[in-house]
Amino acid sequence: MALDKNQIAQRIAQELRDGWYVNLGIGIPTLVANFIPKGIEVEFQSENGILGMGPFPIDGEEDADLINAGKQTITAMDGAAYFDSATSFAMIRGQHVQLTVLGAMEVSENGDIANWKIPGKMVKGMGGAMDLVASADNIIVAMMHANKRGESKLLKNCSLPLTGVGCVKKVVTNLAVLEIVEGGGFKLIERAPGVSVEEIQNATEGTLIIEGDIPEMVL
Amino acid sequence: MNKVVDNVEVACEGIENGMTIMLGGFGLCGIPENSIAQLVKLGTTDLTCISNNAGVDDFGLGLLLQKHQIKKMISSYVGENDEFERQMLSGELEVDLIPQGSLAERCRAGGAGIPAFFTPAGYGTEIAEGKEVREFNGKPHILESALTADYAIVKAWKGDTAGNLIFKGTARNFNPMMAMAGKITIAEVEELVPAGELDPNQIHIAGIFVQRIFQGKDYEKRIEQRTVRQKS
C-alpha cells in the first residue's frame, strides 16, 4: 500500500538525529513534527523568525504575533528564541540548520528541484525556498510520487522553473525512499509496504537505480 | 531626541506618488496597520512597495492593491492574495519576486551601507538571469544589490519617545531591517512610553534608525491561518 501523507512524514522523521535544528516547509513536511522519535531532541526553525517552535495552540490561546512560515498560529517551546528575518536566513545560509524538509512539484535525477512557479498559471513566489535549498547540506523532499494528472514528479530534467540546482539529497514519496547519487539517478533505498519495485519503476520517469533486494520501509 | 509625532496623519506627511516604500510584516503578522489605512485614505498612487507579502484581498497591502495604488511590488511570496495574482497576470502590476533571505539581506545591506553581496540563493534559476556569478569555496554565488526606500514603515510592540523599538514574537520579521533601510522611517507602536522606561538591554532597534514614531490604535491583528488543537 502506498503511504498517506502522515506516513511519509513518519518515515522522514526517522531521519532526524539528536541535537539537530530542522526547518520544515509547508504541507507534508509540517507533519514531520508529529513523529519525532523517542529519546531524541530536535528544535524546529521557522524562517519567519523562531527557533523552538512548538505545537499549534490550544483553542482560545492563539496569538496573532506568533505564527510559522505558513502563517499558522503556533506556540513556542521552553528555550525558544525569536529573531528578525535577516538573522533567520543567516542561520540557514550559514548552515547552522542541519536538515531542511520541503515539498516539490518536480525533482530531477541530478538533484534539481522546482516548487515555486507554473508559468502563466501559478505565481505565488519562492518565499524562503531558494535560500533554503541553495544553502542546506541536507535536503529531503517530501512529496507524492506522481502529480494529480498521474505524471511522474521524479524526472530526468525538471520542466518547471527551478528553485535550486543539484541540491536535493533524498526524496521520500508515497511509494519509496530514494537517494540522488553523484552523476545522476534516483537510487531506490526502500519501498512502501506492499509496493513492488516494478510499480516504482513505472512511476519514475528519471533513471531509477536498483541494486540488490530493496527492503520495505518499517514504520 | 524626541521622535514622536501626534498621529498617523503627521507620520505619513511627505509620502508622494511614485515613491518607494518598505513595509514590515510577514503575512499579516507585524504589519503597520494604521499607516496602511492612512495610505489608502491619502490615495497615493504609483507606489513601489517592498514587502515580504502582499496582504490578503481585504487586509494589509491588499487594501492598496484594491485601489490600484501600487505600481510595483517587490516581494518573496504573494500566494494569499487573489487580486494580486489577477493584477500580475494581466500585466497591471509589475512584480519582482526575490528569495526571502535575499530580500531580508538586501534591506539589511541597504541600511548598513553595503551596496551589494554574493549569495548562493537562486543560482541556476531564472532569478539569477543577468546577475554576476562568482565562485567562493567552490560554490557559485550571485550578486544581489542593496535595497533602500524613500520611506520605511514598521510596526513594533513597544517604543519610546527616542524611537527605540521592541518587537513581540514573530511580529519582528522584516521590521528591523526595513527600519534601517528607510531614508525616513516611520514606526507605529502598540505602546509608546517616555524615554528611559524601556530597558536599553532589551531594545531590538535603536532610535537612530527611526525618524517618526507614533502611538498606534485599534489594532485588528488579523490571523491568517487560525490553527489550533483541542485541550487533551
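The values are calculated or read from the model by the stated rules, or taken from the named source; none is laboratory data. Given the structure is predicted, the values throughout are model-derived calculations rather than measurements. Using ideal geometry, Cβ is built from the backbone for each residue, glycine included, and neighbour counts are taken over all protein chains shown. Protein only, heavy atoms only, side chains kept; ligands, DNA and RNA dropped before computing areas. Shrake-Rupley method; radii C 1.70, N 1.55, O 1.52, S 1.80 Å.
Odds and ends about this structure:
- Degrees, to the nearest 10: B:100-112 long Cα axis against longest axis of chain B: 60
- Protection proxy ranking of B:43-50, A:69-76, A:36-43 - average other beta-carbon atoms within 10 Å, highest first: A:69-76, B:43-50, A:36-43
- Positive minus negative residues near B:VAL228 (Lys, Arg vs Asp, Glu; Cβ under 9 Å): -1
- Phi to ³J(HN,Hα) by Karplus 6.51 cos²θ - 1.76 cosθ + 1.60 over segment A:41-58, Hz, x for Gly, Pro: 10, 10, 10, 9, 9, 10, 5, 7, x, 9, 10, x, 5, x, x, 4, x, 5
- Interface burial for B against A (accessible surface, 1.4 Å probe, total of both chains, Å², rounded to 100): 4200
- Relative packing of peptides B:138-146, B:195-203, A:162-170 - highest average C-beta neighbours within 10 Å first: A:162-170, B:138-146, B:195-203
- Cα convex hull volume per residue for segment B:185-228 (Å³): 135
- Per-residue mean of foreign Cβ neighbours for A:68-75 is 6 (Cβ atoms of other chains, 10 Å radius).
- Euclidean distance between Cα centres, segment A:17-41 to segment A:154-219, Å: 21
- Rounded percent of accessible protein surface that carbon and sulfur make up, chain A, 1.4 Å probe: 49
- Anisotropy class of segment A:1-144 from Cα gyration tensor, a/c 1.5 cut: rounded
- More than 17 angstrom apart: percent of Cα pairs within segment A:21-74: 34
- Per residue, the accessible area of the protein assembly as shown comes to 41 Å², computed with a 1.4 Å probe over protein heavy atoms only.
- Taking max minus min of the alpha-carbon positions on each principal axis, chain B gives extents of 53, 51, 40 Å, largest first.
- Within straight-line cross-link reach of B:LYS3, aspartates and glutamates at Cα separation under 20 Å, skipping those fewer than 8 residues along the same chain: B:GLU13, B:GLU33, B:ASP150, B:ASP160, B:GLU188, B:GLU190, B:GLU191, B:GLU197, B:ASP199
- Per residue, the convex hull spanned by the Cα atoms of segment A:132-196 amounts to 105 cubic angstrom.
- Rounded percent of accessible protein surface that carbon and sulfur make up, chain B, 1.4 Å probe: 47
- Note on segment A:77-189: Rg/Rh from Cα positions, Kirkwood definition for Rh, rounded to two decimals, is 1.00.
- Over segment A:70-119, the fraction of Cα-Cα pairs per 5 Å bin, rounded to whole percents and listed from the shortest bin up, is 4, 12, 14, 22, 22, 12, 9, 4, 0.
- Reported value for the protein assembly as shown: 152 Å³ per residue, from the convex hull of its C-alpha atoms.
- Shielding by partners for peptide B:172-179, expressed as the average number of C-beta atoms from other protein chains within 10 Å of each residue's C-beta, is 5.
- Taking every DSSP bridge with both residues inside chain B, close to 30 percent are antiparallel.
- Shielding score for B:79-89, defined as the mean number of other chain Cβ atoms within 10 Å: 2
- Here the protein assembly as shown is treated with +1 on each Lys and Arg Cβ and -1 on each Asp and Glu Cβ, and its dipole about the Cα centre works out to around 180 debye.
- Calculated mean residue ellipticity, 222 nm, chain B: -5500 deg cm²/dmol, from DSSP H runs (n ≥ 4) at -39500 (n - 2.57) each, averaged per residue and rounded to 500.
- Dipole moment magnitude, nearest 20 debye, chain B about Cα centre, only Lys, Arg, Asp, Glu C-beta charged: 620
- Considering only alpha-carbon pairs that sit under 8 angstrom and 6 or more positions apart, the relative contact order computed for chain B is 24 percent.
- Qualifying aspartates and glutamates (Cα of each under 15 Å from Cα of A:LYS170; at least 8 residues distant if same chain): A:GLU15, A:GLU106, A:GLU109, A:ASP112, A:ASP137, A:GLU179, A:GLU182, A:GLU190
- Surface/4 of the Cα convex hull for segment B:92-199, nm²: 9.4
- Unsatisfied cross-links (Cα-Cα over 27 Å) in the set B:LYS155/B:LYS183; A:LYS5/B:LYS131; A:LYS153/A:LYS187; A:LYS5/B:LYS72; A:LYS148/B:LYS221: A:LYS5/B:LYS131; A:LYS5/B:LYS72; A:LYS148/B:LYS221
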